[in-house]
Amino acid sequence: MKHNYTTPDKHDDFFEKVEIPYTKSKEEVWTSLLEQRKAKIPQNTNVRKILLQWSLAASVALLLGAFTFLRYYSITLYAPAGEHIARVLPDNSKIHLNANTKVTYNPYWWSLSRKVTLEGEAYFEVTKGKTFEVESNLGSTRVLGTSFNIFARGNQYKVHCISGKVEVKSTTGVKQVLLPNQAAKVNPAGEVAINENAMVEHAISWTTNEFVFTAAPLSAVFEEMERQFDIQIVYDKYLSSTYTGNFKRGSSPEEILTIIAKPFGLNVVKISATKYKITQ
């Protein structure tokens, strides 16, 4: 038996069901649809560009992170009450910290900026090289290669030049250059007073555990003893006498206090192993 039928054209079947609002051949419309579909698929070139942009952004973020770490990472050295410590800095400069003293510096930035911040008292032996700067509350000290002592506690700032040349600058911008055996004292107002013939050996005697005072207020002597022995000394605040003498850390606190207090008619009462009271 013969069947009288023809296979329908797929394109004809498609166009019988779709209304085309403008006049084009079915081949042109079909080609246009295929091209539009291909346009929606991202090209490899665009993908590579996006990946490259992400890679560059990640690299920049990594570099910024590394820079921030190298620039601001810091090390803090601290000598608590009753202790002295000595350390070598990245350029082989040496620093000696007195009791209750803190120093901070940036080790990974050291080759570009030799700078430390100081709270307390420290003796520096600086290796020659780029400018070496010590910043404190009341002023800063700049050197190239020298040795010097800085006392920066509360509202007192004193610098003694042992060797080389030292520039002292107050927070108000006043500058003074010190030569060996000279000292500078900066007051809270930013004024700098120079002592042309300072007893610099007394200023650094603490590095050998000896403490020398010349017409120093008794309160300052007691404060130094508290730092060196990690003790508490209670006394009447009206004590206005000054003391000239010295003591060494090898003796007991009670023995030293008795020697200091006796000439002023004062008595020492031991309250505990770490607390003493001065009475009249």
Take ASN137 and ASN92, extend 7 Å from each Cα along the Cα→Cβ direction, and tell me the distance between the two endpoints in nm.
3.6
Please compute the length gained on full extension between SER251 and THR104, using 0.36 nm multiplied by the number of residues separating them and subtracting their Cα-Cα distance.
49.7 nm
Using a probe of 1.4 angstrom, how much of the accessible area of the range 52-148 is carbon and sulfur, in percent?
59
Along each of the three principal axes of the Cα atoms of the range 166-280, give the extent in whole Å, ordering the values from largest to smallest.
47, 30, 24
Between ALA193 and ILE50, take the C-beta separation as r, use R0 = 41 Å, and let me know the FRET efficiency to the nearest 0.05.
0.05
Inter-label distance for LEU64 and GLN232, nm, one decimal - labels placed 7 Å from Cα along Cα-to-Cβ:
5.0
If you count only protein heavy atoms with a 1.4 Å probe, what accessible area per residue comes out for the range 221-280, rounded to a whole Å²?
58
At 1.4 Å probe size, put ASP91, ASP230, ASP236 in order of accessible surface, largest to smallest.
ASP230, ASP236, ASP91
Considering only DSSP beta bridges with both partners in the range 166-280, what is the antiparallel share in %, to the nearest 5?
85
List the pairs from LYS248/LYS270; LYS115/LYS185; LYS130/LYS158; LYS158/LYS270; LYS94/LYS169 whose alpha-carbon separation is above 25 Å, in the order I gave them.
LYS158/LYS270
Roughly how many whole Å is it from the C-alpha centroid of the range 95-155 to that of the range 170-217?
15
Along the range 152-168, Karplus-curve 3J(HN,Hα) (6.51, -1.76, 1.60; θ = phi - 60°) to the nearest Hz, with x for Gly and Pro, reads 9, 10, x, 9, 10, 9, 10, 10, 10, 8, 8, 8, x, 9, 10, 10, 9
In nanometres, what is the gap between the two model label sites at SER240 and LYS275, each 7 Å from Cα along Cα-to-Cβ?
3.0
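The values are calculated or read from the model by the stated rules, or taken from the named source; none is laboratory data. Computed from a predicted model, the values in this text were never measured in an experiment. We place every Cβ from the backbone using ideal geometry, glycine too, and count neighbours over all the protein chains shown. Just so you know, the surface numbers come from the protein's heavy atoms only, side chains and all, with ligands and any DNA or RNA stripped out. Shrake-Rupley method; radii C 1.70, N 1.55, O 1.52, S 1.80 Å.
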